[in-house]
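In what follows, a structure is listed as structure tokens, so that the remarks can point back to it.
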Amino acid sequence: TDLVISSFANKLFISVTQFGKIGSLVLVRRDVNLEEDSTPVYSVKSLLGKDQAEYHILARHLYERLQLKKQLLFGFALHSFAKKDLEEIEEFICSNIKKVNQQ
């Protein structure tokens, strides 16, 4: 599994691939709430490739877990969506995102 994390001024790009390709691109952003105490609302949109619910769920979950302020552009090219594999990918991303944020 290959991981690429690139931080830009307005977006964070994360690519997770098991095929050596970017795969499907999903954009996640937090919408602005008019009420401060309201529950956060997230928008998830497929930009390229397969529009799969699994991609949306994983991208949104990671976005919320990473507590990002800027948009997340996520590239997926995965063999399987087994729970164990997804948990390992999530931990791998979370441990490596700290390195990017420290630079």
Matching residues in the stretch 1-28 (within 17 Å of Asp51 (Cα to Cα) and out of contact with any Gly (no Cβ under 9 Å at 6 or more places or on another chain)) number 2
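So that you can scan it fast, the table gives a plain yes or no per residue for (1) of a type in the set (D, E, K, R); (2) in contact (Cβ under 8 Å) with a residue 40 or more places away in the chain; (3) not in a helix (DSSP H, G or I):
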residue	(1), (2), (3)
Ile14	no, yes, yes
Val28	no, yes, yes
Leu47	no, no, yes
Tyr55	no, no, no
Phe74	no, yes, yes
Which condition from (1) out of contact with any strand residue (DSSP E or B) (no Cβ under 8 Å at 6 or more places or on another chain); (2) closer than 24 Å to Ala82 by Cα is the one that Leu27 breaks? (1)
Exclusive hit being surrounded by fewer than 16 Cβ atoms within 10 Å (Cβ to Cβ), touching a strand residue (DSSP E or B) at 6+ places or on another chain (Cβ under 9 Å) and at pLDDT 90 or above, set Asn96, Asn10, Asn33: Asn10
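The values are calculated or read from the model by the stated rules, or taken from the named source; none is laboratory data. Keep in mind that what you see is a predicted model, and the values were worked out from it rather than measured. We place every Cβ from the backbone using ideal geometry, glycine too, and count neighbours over all the protein chains shown.
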